[in-house]
Structure formats: structure tokens, C-alpha cells
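The values are calculated or read from the model by the stated rules, or taken from the named source; none is laboratory data. Keep in mind it's a predicted model, so treat the numbers as computed, not measured. Note: ideal-geometry Cβ built from the backbone for every residue, glycine included; neighbour counts use all protein chains shown.
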Amino acid sequence: MSPADAYQPDRTLKGKLRRRLVRLAHRRPLARGPGAPMVSFTFDDAPLTATEAGARLLEARGARGVFYVSAGLAGTEGPMGRFAPAADYARLAQAGHEIACHTYSHLDCGQAEGDVADLDAARNRAALADWGAGPITNFAYPYGDVAAGPKGALSRSYGLLRALHHGVIEAGTDLNQAPAVGIEGPDGEAIAEHWLAKAQARNAWLILYTHDVRSDPSPWGCTPDALARLIDRAQMSGMQIVTVAEGAQRLGIETAAA
């Protein structure tokens, strides 16, 4: 069983209040928004189908994506299929894709202490560096959840820390808990299209995420056809497809290469 299989969200009243209040803690507002609309295509947990089919679809269109990797999952089986092996991350990095941090053990940062999350993320960065996939400058919270302690601790090591609540990145956005929109489930493509239009209208930066990319996706993944259509729509509308590191650089976001 992978860490993802064992996950149980905190559905208590305390957990619900924490999720509301943490949005107010350790904020780092973006000083200025993009001058033109941008979009990033990202893949959480790096299932093998994402590192193969997902990467190929982007590369065929001259674009690159972001793979948020938990090194402890590499080569194991999970609810989204097999996770990519260690060798894939160096290959992706050499091809121009961004490798980013997702903690080593796919830790729930909503229920962990700050020092525990920080150590687990540091272990992940070290493993990815050993595999030739560093440096790692950006982060996504596994399951999209975080408590105040991990949010504050992890913010010292990354330029942009991504969550899962819907929204776009523009002036004032909290870089320590940035929004993203999932391409997942039966309505995933339509929801992503809706947010692509919003980002374009507002000259904002949209981060899209999915997991596996296959013809029979898990509830957290999408089909290759859906992903291809979204990439094509973004390019046809004139949106710039960037990695998170590229987007951060354009906006002057400081990244701590670890």
C-alpha cells in the first residue's frame, strides 16, 4: 500500500477550522501579477503514465510541464497506477521539464508538525538531487492540505508552494498557499477550460494539475485526449505555457534552490 492509499482527511470540526484559518497564516502576497496570461501543466505524484504520455504531449507542442515528486513512491504501485522510477526524473529534467517537491513520503502536511514536514521535504530534495533531478525550487502540498506549522517551515525553502483550492495567481495571491485547478473526474476538462478563460480575461497565471494520464484514468487523472485539447486551447488562445519555475522567474519570485 502506498502512502496515498492510506490517507484519511481530517473531517473534524477542528480540521475544518484549521483549513479556514491557515489561509490567513504565514502569507506571502505576490507583489505584481503577470503582464500576459500564463498557464502551467503540472502532474502530482508522477505516475508513470504522466511522465510518459503527459510529457510527450507537451513536448510535441514545444511545451514543458512540472512533476511534483514524492521520491518514496518511485517505482511503487498506487491507486493511479505505477509511479515512475527514479531514472525518469533525470530524463525529464534533462528534457526541460521541472521536477518539484511533494515531500518524500507523501506526508499529509495538514496533520504534521512543522519540523517533521520540513525534514521529510529535505529528504525528498536530497533523493531527487542524487537522481540528477535537482535543484528543486517549488513545492506542492500532498492532498492540498497544510497546517500553520508546515506552511511556515516549508515557506523558507521554496519560491511557490501550491495547494488545491481553485483560483488564479495574480497580484496579492499568497505564494505560500497558491491556488490550482484539477483536470480530474468527468467534469475536469470543462472546469479547466472555464479557468483558462478566466486567466486569459484577467491576465493571470493558472496552474492546472492532474495525476495519471491514460485512456481509463483514475478519479484523480485525465485522458491523453483531454490533456491534448487543453494544451491546444491554451496555445491557440495565445497563453504562454510555462513551468512553475519559469513563471516565478517572470514575476520576480525568489526561489531558494535547495
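Residue under question is Ala147, and the condition is that it be more than 25 Å from Leu251 (Cβ to Cβ), touching a Gly at 6+ places or on another chain (Cβ under 7 Å) and among the small types (Gly, Ala, Ser); does it hold? Talk me through it step by step, then tell me what you get.
Working: more than 25 Å from Leu251 (Cβ to Cβ): yes; touching a Gly at 6+ places or on another chain (Cβ under 7 Å): yes; among the small types (Gly, Ala, Ser): yes.
Against the criterion (more than 25 Å from Leu251 (Cβ to Cβ), touching a Gly at 6+ places or on another chain (Cβ under 7 Å) and among the small types (Gly, Ala, Ser)), Ala147 qualifies.
Please give the number of the condition Tyr143 fails out of (1) in a helix (DSSP H, G or I); (2) at pLDDT 95 or above.
Of everything listed in (1) in a helix (DSSP H, G or I); (2) at pLDDT 95 or above, Tyr143 misses just condition (2).
Output the residues belonging to segment 143-158 that are buried (at least 24 other Cβ atoms within 10 Å of the Cβ) and closer than 23 Å to Leu92 by Cα.
Tyr158
May I ask you to list pairs of residues, at least six apart or on different chains, whose Cβ atoms are under 8 Å apart, with the first in segment 17-30 being surrounded by 14 or more Cβ atoms within 10 Å (Cβ to Cβ) and the second being in a loop (DSSP other than H, G, I, E, B) and among the charged types (D, E, K, R)?
Arg18/Asp10; Arg19/Asp145; Leu30/Glu170
Do you know which residues across segment 232-244 are outside any loop (DSSP other than H, G, I, E, B), in contact (Cβ under 8 Å) with a residue 12 or more places away in the chain and surrounded by fewer than 22 Cβ atoms within 10 Å (Cβ to Cβ)?
Correct list: Asp232, Arg233, Gln235, Gln240, Ile241.
Tell me which residues, restricted to segment 197-219, are hydrophobic (A, V, I, L, M, F, W, C) and touching a Ser or Thr at 6+ places or on another chain (Cβ under 7 Å). Break it down into steps so the answer makes sense when it comes.
Taking segment 197-219 first, the residues hydrophobic (A, V, I, L, M, F, W, C) are 197, 199, 201, 204-208, 213.
Answer for segment 197-219, where residues must be hydrophobic (A, V, I, L, M, F, W, C) and touching a Ser or Thr at 6+ places or on another chain (Cβ under 7 Å): Ile207, Leu208, Val213.
Scan (1) under 17 Å from Asp130 (Cβ atoms); (2) surrounded by fewer than 23 Cβ atoms within 10 Å (Cβ to Cβ); (3) not basic (Lys, Arg) for the single condition Glu113 breaks and write down its number.
Among (1) under 17 Å from Asp130 (Cβ atoms); (2) surrounded by fewer than 23 Cβ atoms within 10 Å (Cβ to Cβ); (3) not basic (Lys, Arg), Glu113 violates only (1).
Pick out the one residue from Val116, Val22, Val39 that is within 22 Å of Val181 (Cα to Cα), modelled with pLDDT of 95 or more and of a type in the set (A, V, I, L, M).
Just a single option satisfies the conditions, and that option is Val39.
Does Ile99 count as of a type outside the set (Asp, Glu), under 27 Å from Asp174 (Cα atoms) and assigned to a loop (DSSP other than H, G, I, E, B)? Reasoning before the result, please.
Values: of a type outside the set (Asp, Glu): yes; under 27 Å from Asp174 (Cα atoms): yes; assigned to a loop (DSSP other than H, G, I, E, B): no.
In short, no.
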